[in-house]
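The values are calculated or read from the model by the stated rules, or taken from the named source; none is laboratory data. The structure presented is a predicted model; accordingly, all values stated were derived computationally and were not measured. Here the Cβ positions follow ideal geometry from the backbone for every residue, glycine too, while neighbour counts run over all protein chains shown. For accessibility, only protein heavy atoms count, side chains too; no ligands or nucleic acids. Shrake-Rupley method; radii C 1.70, N 1.55, O 1.52, S 1.80 Å.
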Amino acid sequence: MTARIGVVTFPGSLDDRDTQRAIRIAGAEPVALWHKDKDLKQVDAVVLCGGFSYGDYLRAGAIARFSPVMESLIEQAKAGLPVLGICNGFQILTEAHLLPGTMLRNNHLHFICRDQKLRVENDRTAWTSDYSAGQEIHIPLKNIDGQYVADERTLDELEAEGRVAFRYLDVNPNGSLRDIAGVTNEAGNVVGLMPHPEHAVESLIGTGRTDGLPFFTSILKKLVNA
């Protein structure tokens, strides 16, 4: 049976179609989920895609966190449902307290759009098992509220528990503390990152590489082998 991966669309989402395409390329079935609908349609995993949900009013992700779909998603994520948050999706996951820390405006106060070099720090999550720890990849990055921050105790815990999933290399594009580009929860089923792997799944577009595709093949293999 084909794995079914939901992609939530909020008002202001930009990358839902791109994310659906990435899922399809990986070999799974994308399932469109609407923010007002609590029904997750019995999907096997969920992606919160990038964009500017609700126009980023109040804070990025702050309003989307209270959408009806999030009530079901939070409950099921705590029960083990794999969830990936990309850019705005990462912001929503922090607002929902499914991931620690929060996102602030980039330290240079400008929107940034570039190919970003990353290092894979954790290859044991539901979304990163097709990578190798220490592997260096290039993933497109586009944000204005991408500065990851947390208190020192939380940062130390993330480091000690191996929950930093990705780290920026060569240049820190937004002032994120300890060069953190993505983190995971303790169970490894919830992962968030600011760069956009869905824009790096075909050699014809994006970075001209397919460094983002393992996000989607990782979860597919986990679901098939479950």
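Among the residues of segment 121-163, count how many are part of a strand (DSSP E or B), of a type in the set (A, V, I, L, M) and within 14 Å of the chain's Cα centre (by Cα).
Residues meeting the conditions: 2.
Scan segment 51-70 and tell me whether some residue there is in a strand (DSSP E or B) and in contact (Cβ under 8 Å) with a residue 12 or more places away in the chain.
Yes - at least one qualifying residue is present in segment 51-70.
Name the residue that is surrounded by the fewest Cβ atoms within 10 Å (Cβ to Cβ), counting only residues in segment 151-169 that are closer than 14 Å to N185 by Cα and hydrophobic (A, V, I, L, M, F, W, C).
A160
Just checking, which of A77, A28 is under 22 Å from E186 (Cα atoms) and touching a residue at least 60 places away in the same chain (Cβ under 8 Å)?
Matching residue, one of A77, A28: A77.
Scan A79, A62 and give me the residue that is on the phi < 0 side of the Ramachandran plot and either surrounded by 24 or more Cβ atoms within 10 Å (Cβ to Cβ) or under 17 Å from the mean Cα position of the chain (by Cα) (or both).
After ruling out the rest, the residue left standing is A62.
Among the listed residues N189, N143, identify the single one that is open to solvent by less than 30 Å² (accessible area, probe 1.4 Å), within 19 Å of E121 (Cα to Cα) and among the polar types (S, T, N, Q).
Only one candidate qualifies: N189.
So how many residues does segment 74-102 have that are among the aliphatic types (A, V, I, L, M) and in contact with a strand residue (DSSP E or B) (Cβ under 6 Å, 6 or more places away or on another chain)?
Within segment 74-102, residues that are among the aliphatic types (A, V, I, L, M) and in contact with a strand residue (DSSP E or B) (Cβ under 6 Å, 6 or more places away or on another chain) number 7.
Test L81 against the stated conditions and say whether it is assigned to a loop (DSSP other than H, G, I, E, B), out of contact with any Gly (no Cβ under 8 Å at 6 or more places or on another chain) and within 24 Å of G162 (Cα to Cα).
The answer is yes for L81.
Scan segment 92-105 residue by residue and report those that are farther than 14 Å from I180 by Cβ and assigned to a loop (DSSP other than H, G, I, E, B).
Scanning segment 92-105 gives A96, H97, L98, R105.
Select, from K41, K117, K36, the only residue that is of a type in the set (K, R), open to solvent by less than 60 Å² (accessible area, probe 1.4 Å) and either in a loop (DSSP other than H, G, I, E, B) or touching a residue at least 40 places away in the same chain (Cβ under 8 Å) (or both).
After applying the criteria, what remains is K117.
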